[in-house]
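All remarks here apply to the structure that follows.
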Amino acid sequence: MPTSSLAQLAVPRGKLYGINTTNQGRIVIFGGGIPWLQDGRIVGAVGVSGSGVAIDVEVAKVAVQVFSSMHQRQASPRALYYPYNS
């Protein structure tokens with residue numbers, strides 16, 4: 001489920017109210033997190049933050065599309081990984 005979907009469910013009396021306070025506060029309920037699905041199974045996810053929510057969501061969607069196309073060509077998504085502190 002994209003993180004943007006959690007906001008509506010996490011309101012008081014919502015089905016997931018308080019979810020953002022679980023897992024040591026590591027669950028985000030605003031847009032920017034997109035699951036990467038292959039054959040209906042979650043194989044990863046992309047999380048983006050740093051701009052407005054709408055832009056973060058679009059960047060995450062494009063990243064998932066890139067990873068999916070690389071997977072289809074049998075390329076490794078790790079080839080695009082650059083550690084933050086490098």
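Summary of computed values
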| read-out | value |
| --- | --- |
| Enumeration of residues in region 33-43 that are small (Gly, Ala, Ser) and surrounded by 12 or more Cβ atoms within 10 Å (Cβ to Cβ) | GLY33 |
| Selected residue (only one of GLY44, GLY50 is part of a strand (DSSP E or B) and either out of contact with any Cys (no Cβ under 9 Å at 6 or more places or on another chain) or at pLDDT 90 or above (or both)) | GLY44 |
| Pair list, Cβ < 8 Å and 6+ apart or interchain, from region 44-69 residues that are surrounded by fewer than 16 Cβ atoms within 10 Å (Cβ to Cβ) to residues that are of a type in the set (S, T, N, Q) and assigned to a helix (DSSP H, G or I) | GLY47/THR3; VAL53/SER4 |
| Test: residue in region 25-39 that is part of a strand (DSSP E or B) and among the polar types (S, T, N, Q) | yes |
| Meets criteria (modelled with pLDDT under 85 and either within 13 Å of the chain's Cα centre (by Cα) or in a loop (DSSP other than H, G, I, E, B) (or both)) for ALA60 | no |
| Of all residues in region 1-24 being surrounded by 12 or more Cβ atoms within 10 Å (Cβ to Cβ) and either assigned to a helix (DSSP H, G or I) or of a type in the set (Lys, Arg) (or both), the one that is nearest to the chain's Cα centre (by Cα) | THR3 |
| ALA79 modelled with pLDDT of 85 or more and in a helix (DSSP H, G or I) | no |
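The values are calculated or read from the model by the stated rules, or taken from the named source; none is laboratory data. From a predicted model like this one, the values you see are computed outputs, not experimental measurements. Note that each Cβ is placed from the backbone with ideal geometry, even for glycine, and that neighbours are counted across all protein chains shown.
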